[in-house]
1. Where Lys and Arg each count +1 and Asp and Glu each count -1, what net charge lies around B:Ser465 among other residues with Cβ under 10 Å from its Cβ?
2. From the cross-link list A:Lys39/B:Lys39; A:Lys307/A:Lys382; A:Lys622/B:Lys73; A:Lys526/B:Lys552; B:Lys409/B:Lys459, which pairs have alpha carbons spaced over 23 Å apart?
3. Just the Cα atoms of chain A, one point each, no solvent: what log10 I(q)/I(0) does Debye give at q = 0.05, 0.07, 0.09 Å⁻¹?
4. Decide, for region B:305-371, between rounded, prolate and oblate: order the square roots of the alpha carbon gyration tensor eigenvalues as a ≥ b ≥ c, take rounded if a/c falls under 1.5, and otherwise choose prolate if a/b is larger than b/c, else oblate.
5. Go ahead and run the numbers for FRET between B:Glu365 and B:His110, Cβ-Cβ distance against an R0 of 22 Å, rounding to 0.05.
6. I'd like the distance between the alpha-carbon centres of region B:502-517 and region B:191-251, rounded to an integer number of Å.
7. Is the shape of region B:198-306 best called rounded, prolate or oblate, per the rule: a/c under 1.5 gives rounded, else a/b larger than b/c gives prolate, else oblate, with a ≥ b ≥ c the square roots of the Cα gyration tensor eigenvalues?
8. If R₀ is 30 angstrom, what is the calculated FRET efficiency for the pair A:Asn286 and A:Gln323, using the beta carbon separation as r and rounding to 0.05?
There are 2 protein chains.
Amino acid sequence: MSTDYVTQKGQAFDRAAFESLLRRKVFLWQSFEPYGSVKGLFDYGPPLEQLESQVIQIWRDHFIRSEKMMALKCSMLTPYEVLKTSGHVDRFADYMCKDPKTGEILRSDHLIGDVLEARLKSDKEARGEKVEEKEEDPKKKKKQSKAAKGAVKLDDAVRQEYEHVLAMLDDYTGEGMGELIKKYDIRNPSSGNEVEPPVSVNLMFQTQIGASSNSPAFLRPETAQGQFLSFQKLLEYSDGQLPFASASIGYSFRNEIEHFVDPEGGKAHPKFHTVADVKLPLLDRNTQTSGSTKPTMVAIGEAVKTKLVDNETLGYFLVRIYQFMQKIGIDMNKLRFRQHMANEMAHYASDCWDCELLNSYGWTECVGCADRSAYDLSVHEKATGTVLRAREQLKNPETIEEWVPVIDKKKAGPKFKKDAKAIENALEALSQEMKEKLQITMESEGKAEVPVEDIAAGKVEIDTSIVKFEKQKKTITFREFVPNVIEPSFGIGRILYSLMEHSYWTRENDEARSVLSFSPVVAPIKVLVCPLQKDPKFAPLIAKLEEALDNKSISFKIDQTGVSIGKRYSRNDELGIPFGITIDYEALDDGSLTLRDRDSTKQVRASQADIIKAVSRMVKGKETWADVVARLPAYEGQKEAAE
Amino acid sequence: MSTDYVTQKGQAFDRAAFESLLRRKVFLWQSFEPYGSVKGLFDYGPPLEQLESQVIQIWRDHFIRSEKMMALKCSMLTPYEVLKTSGHVDRFADYMCKDPKTGEILRSDHLIGDVLEARLKSDKEARGEKVEEKEEDPKKKKKQSKAAKGAVKLDDAVRQEYEHVLAMLDDYTGEGMGELIKKYDIRNPSSGNEVEPPVSVNLMFQTQIGASSNSPAFLRPETAQGQFLSFQKLLEYSDGQLPFASASIGYSFRNEIEHFVDPEGGKAHPKFHTVADVKLPLLDRNTQTSGSTKPTMVAIGEAVKTKLVDNETLGYFLVRIYQFMQKIGIDMNKLRFRQHMANEMAHYASDCWDCELLNSYGWTECVGCADRSAYDLSVHEKATGTVLRAREQLKNPETIEEWVPVIDKKKAGPKFKKDAKAIENALEALSQEMKEKLQITMESEGKAEVPVEDIAAGKVEIDTSIVKFEKQKKTITFREFVPNVIEPSFGIGRILYSLMEHSYWTRENDEARSVLSFSPVVAPIKVLVCPLQKDPKFAPLIAKLEEALDNKSISFKIDQTGVSIGKRYSRNDELGIPFGITIDYEALDDGSLTLRDRDSTKQVRASQADIIKAVSRMVKGKETWADVVARLPAYEGQKEAAE
């Protein structure tokens, strides 16, 4: 995969050069470098922080403002009970093995996979076969070639067993992996030590709220739970009307939207007709099962009609995600929507499409768009007793007859004590059929046994002195339901990384001159101001230009170093600054300036007012360079000297 | 204090009514309500999230873009060692007492204060004196009046002792507080139980990085440390030039700026002259010691000249903070800058001014502007050995002679083994005087003893076969120094709360009609669209208006409920929507609309294009309502019906 990856200009992608640029221009680095860095933690330097901030502003405008979503900022510290109920405490975990001598913790499936793959490779080498280099990571390469020195041949039967295990690795339980580790004597490759059996380790960060240890908590693994628990407030704020959506811009670079919708009526979306004709690159489940990874361009209206995409709301959000990616400058040839396989979905999802972006690591999930159905609201409702439902007023109220438990509370209280409420709830929750049956039993035998999940005994004996079931008339004026949730969840960090790769290319005939061609609407800095030379005569013009840019809130950088203009542009192309304004000696006479476009290196010349206006419109996305070139006179004069 | 607090219209401030508004319009609530809420954690609902987002956008523009600061996004998880070095592990703590029977944890100083104050109050009541109600909090009132039932008289000597203890409470150590608790039999008021002795409890949230327990970490208690540890990258990005500033928008609502400056040259600021005439309300240390809390309006140029404010950089930031508060709509009569008393400063600060805002809880610190001197960079440098310094090229390089240790590394390595590097560093770090003295000792005795802090033995014996000190000539071309840091640190949550209180008032003659008069630049929603009645005839005009507002990215809300326009405006005044656009039957004929100003309730009438232009300019802060009224014709027609 990665060896085929090319830049937007069709050039082979050189990841080492790209990473060197990111380091040199301080886009990002591993956190706490003076303390030896911490694996997995990154700091964003000025260019990346600004890029992120602008991508998030577009996200806010594209989703929150334009779709009238309700923005929420919920607590990041989340009590244990909440995440126990949501399923994260039990299921948001990986199996890990500890190396008891070094203290290293290794993911069990990765450990087994790495060791068996290394043995198969060694076997291939021992048998004199050419070994394909699949991995690009230079560290990994080094490890592999080391292992290759003492190449060991395997029996045919063993080789086949290894291959079978590797193909099925995702399906093993913790115990199963423990057996594999024992059977094949799998050890920590970096120490040669035996490892302890796999233990399920939760992936969340644990802490506690307050000084007492009575309040264990986690840093939220997603922003969704806070939104679910705010459901009642949101419903109130939207005057009880569905559908509505809430949105949270989270730490950990996940921005999540929760769109609450009535499950009846096929999850229709009121604005679906406005996007029905938009074609998306869809890679559905069946195509994947058939072994293909080629998406098909399908109009979303067609896709929903044929049930390729389950419902309008899911379809509507796929289109909005597509349009968002276009706005921020993603290479649309490197985007696809892939449907999750049935066994791949999260524990809460009933359907899920990922928006994947192609980068040099392969196709990468950047937005998950899941139908969480009624899962979350239901489990929280059950755990807390708080009603998390919406109501629909019925146009024609209906009168029905139904069986109802009538409880003599004066007797029930003293008899059932602390279990009384749970028993009452259990009796009310029984089906109509069961209630009728119980009444018949009690009429004949005077008593009956009822299962009650939530009490210690698990069941209770009731008798006619305490309970009877009656058929009562009831007028139904509204329908109560647990809304379903469609959740687009954005990994902003991955989107930013892909955006940087998609923007990267090098000038023809000069690989050392690399460019990050960020769209003007997201570029961290918009304008590079270049006086032709270090000359105090330019000072008043610089000051005037500076003031004009400040007035329009356009970010800029002044480069007054002595090097040639061409060199100054070239080194700032690496920061992705889309426009350059040159102040030359002509400017001293007539005040005219030249404006240079980073991608084409073409220039126009006009008055300061016209140049500022053009830049201002381009950074707002209201005009393109093509529009500006059509309006303002081209300038060739400096071309040679400048490039 | 709080009883005197008045709204911007001079009305007595009714906190209960204000809080009820915040709840009703879902500005904020305690987090995890369905799980019984968690004390101290709050969720922001849609209006507050939007208000915050816009205040932060202004902050970004006012500080980061306009001052060309380097924005950083650093890891929130911070390894133990970093915060050990910074002093937070040892000093960011409070003394706590545990009630061993209930598990409750109580802050020791609060516990002692509350119990002794309750006893004094009970004594006063027992002696028939009138008890002043200082506390506004209704919960506290209830507690106090309960305690008053069994009023107990105290001896005069005991009363005096209690009063003395209360006055000095901030000065007691943990042990001292433990003695007080024993001596006065102070128990947990809510249980009557004895409590355990005070223990120092760190206020940070602890967690760990990765699955192994080898990597304890904390959630950062400030965003500053990440910025300090990125110092080298920032220096590189700014081509080695000081001063420069970095800025982080943090979780926990603290936005921090670190301005790095050369300590030589009096910490001048290049843009200070542009603000020198701005007058600020300053309450300095001496005035406070004299017992006054009245600030004086002083031009910042004057204040720095007289050393009231220590240096230009500190002064420059005080002005920029002042201007920021003005931009977002803070009531400038409720703002002051208070200098910290010497014993009040954080462990890293050498001078500090707080920007305090007056709200119904009293004067509240909202921005701290501290001079952290070289503290942080120095301690991290010492702990890690990473050089965290800047250099200044000297205009006239000078040649000096200095004593230098010359080490025979071939012999030193095998002899000192793992301590070799530490010993080398220690020898180099010795003063010139000491080096000369050691050389004399060694010449006479052949050996000498040198203290080495960083090795187990704490000292080392060196002899002439391994080390000698020589006088060498050296050309100095640059001066190396640890930059000093000026740190403005913004508590966005407190600023937002104060802004909400400052914006709150009620309509004359109708206390039930409350208003949040947010400035158009920060208001969560900008426009309320009101068709006169529910009438399908208005639909095309609404759609047209909707499209025009969307095109300008102006947030709006449509209120099509059947109630009167006056009522619709009134209930949306509570959301702080600054403008209303009414579509009436005249609009069907000529397309003209009316625009209503929330604060004055005055209206103008014009074409849709003119109305949109006016709103667009006002929400960008480019025009005020007064400007618009001067331009567009006033409209009185609907006045009576509408209000």
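The values are calculated or read from the model by the stated rules, or taken from the named source; none is laboratory data. Owing to the predicted nature of the structure, the values given are computational and were not obtained by experimental measurement. Here the Cβ is made from the backbone with ideal geometry for all residues, glycine too, and neighbour counts use every protein chain on show. Heads up: the accessible areas ignore ligands, DNA and RNA and are worked out on the full protein's heavy atoms, side chains in. Shrake-Rupley method; radii C 1.70, N 1.55, O 1.52, S 1.80 Å.
1. +2
2. Table pairs above 23 Å Cα-Cα are A:Lys39/B:Lys39; A:Lys307/A:Lys382; A:Lys622/B:Lys73.
3. -0.35, -0.65, -0.98
4. Oblate shape, in that a/c is at least 1.5 and b/c is the bigger or equal ratio.
5. On the way: r = 19 Å, r/R0 = 0.85.
After rounding, the FRET efficiency stands at 0.75.
6. 42 Å
7. oblate
8. Values: r = 26 Å, r/R0 = 0.88.
Working from the Cβ atoms, E equals 0.70.
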